[in-house]
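Trainee: Sending over a structure as C-alpha cells; questions will come in a sec.
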Amino acid sequence: MPHRKLSEEQEIMVADAFVAGEKMADIVRRLDLTRKVVRNALKRRGVYVLRRERPHKFTEDERRQMVDLYLNKEITRGDIAKRMGVSVGAVENNLIKAGITLKNKGLRSRTLNLPADPALVGYIAGIVDGEGNIFSRLRPGRRLQVVVAITSTNKSLINWLMEIGGRFQPKISSANHFGKKEVYRWIVSRRRDVKPLIEAILPYLIIKRADAIKALKGLDDLGD
C-alpha cells in the first residue's frame, strides 16, 4: 500500500474521526491508508496517540467487580473504564464475554432538541458541511454507531450547539493547524439523537450529503 500524502482537509477528517472515538485500525481500513500515514496526520493535527500496548488481562476478581459495578451499581461503562484504568472497549468486550447484554443507549429518550426554524437547521447543515464529519463505525458486539462531529475554534458556536443537545469533547492538544487557538468539538452519537439530526440537515447538505445518506441507510438496515 503506497504512503500517500494527505491534504489538509483529509488530515482534519482523520483527526476528527480519531478524537470522536474511531479506532486507528478502522480509519486505516475505511480510508485505505497505512498506519504510518494516519499516525503522522494525527501528529501534525496535534492529536496525541498512545503507542500500542498489550491488552490488559483481567483477573477473575476484576471481572466480577466489573459485572457488579455495571449491573448492581448502575455505573456507566465509561466510568468503569476510568476506575479500572482501561479502555471502554476492554470493559465492553469483557462484559460481553461474561454473558452480559449491554444496555442500548439508543433506547433512552431523545435529548436532542432541533430548532423549529428551517433557517437554523440549514445553518447547522452548513457547519457540518464545512467543519463537521459524519461517519459510521462498528462497536464491540458488531453494533453500528453513527457519529456527527463538529470541530471549531469558536467556543460560542459550540456552546450554542450544546444548547440543542449532544456532548462536548475538548481537543487533546492545542498545537494544531488552527495555530495557538483552543479547539472545541461537538458530538452527537446516540441513535435516537443522530438519526433525526441527519434526516433534518440532509436536504441542506452538499459536501457531506453522501456520508449522510450512507449513515442513514446503515441505521435503517438495523431497524428500530
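Only the coordinates and a few stated rules stand behind these numbers; no lab work does. Nothing here was measured: the structure is a model prediction, and the numbers come from that model. Cβ: placed from backbone, ideal geometry, glycine included. Neighbour counts: every protein chain shown.
Trainee: Relative to the present Cα-Cα distance, how much length would full extension add between K36 and E182 at 0.36 nm per residue of separation?
Mentor: Residue separation times 0.36 nm, minus the Cα-Cα distance, leaves 49.9 nm.
Trainee: Length gain on complete extension for the stretch K23 to T76, per 0.36 nm per residue less the alpha carbon to alpha carbon distance? It would help to have the intermediate numbers written out before the result.
Mentor: Working: separation 53, 0.36 × 53 = 19.08 nm, distance 2.05 nm.
Gain in length upon complete extension: 17.0 nm.
Trainee: Once you've got the Cα coordinates, tell me which of K5/K214; K36/K57; K23/K97 are over 29 Å apart.
Mentor: Details: K5/K214 26 Å; K36/K57 27 Å; K23/K97 21 Å.
Table pairs above 29 Å Cα-Cα: there are none.
Trainee: Sort M66, M84, M162 so the one with the fewest other Cβ atoms within 10 Å of its own Cβ comes first. Write down the numbers at each step before the final one.
Mentor: Working: M66 24, M84 17, M162 13.
The order, fewest Cβ neighbours first, is M162, M84, M66.
Trainee: Once phi is turned into ³J(HN,Hα) by the Karplus curve 6.51 cos²θ - 1.76 cosθ + 1.60 with θ = phi - 60°, what whole-Hz value does each residue of segment 202-215 show in order, with x for glycine and proline?
Mentor: My calculation for segment 202-215 gives 3, x, 9, 6, 10, 5, 9, 4, 5, 5, 5, 4, 4, 5 Hz in order.
Trainee: When a/c is below 1.5 the answer is rounded, else prolate if a/b is larger than b/c, else oblate, so apply that to segment 60-103 with a ≥ b ≥ c taken from the square roots of the Cα gyration tensor eigenvalues.
Mentor: Working: a/c = 1.20, a/b = 1.14, b/c = 1.05.
Here segment 60-103 falls in the rounded category.
Trainee: Would you mind ranking K5, K57 by Cβ crowding within 10 Å, fewest neighbours first? Spell out each step's value before the answer.
Mentor: Numbers: K5 9, K57 6.
With the fewest neighbours first, K5, K57 line up as K57, K5.
Trainee: Give the peptides 117-123, 155-161 in descending order of average Cβ contacts within 10 Å, highest first.
Mentor: Sorting 117-123, 155-161 by mean packing, highest first, produces 155-161, 117-123.
Trainee: Moving on to the next point. Using a simple spin-label model with points 7 Å from Cα along the Cα→Cβ vector, what separation in nm is obtained for L138 and K5?
Mentor: According to this spin-label approximation, the distance is 3.5 nm.
Trainee: Tell me, T151, T59 in order of fewest to most beta-carbon neighbours within 10 Å? Mind dumping the intermediate values first?
Mentor: Details: T151 24, T59 8.
Listed from fewest to most nearby Cβ atoms, that is T59, T151.
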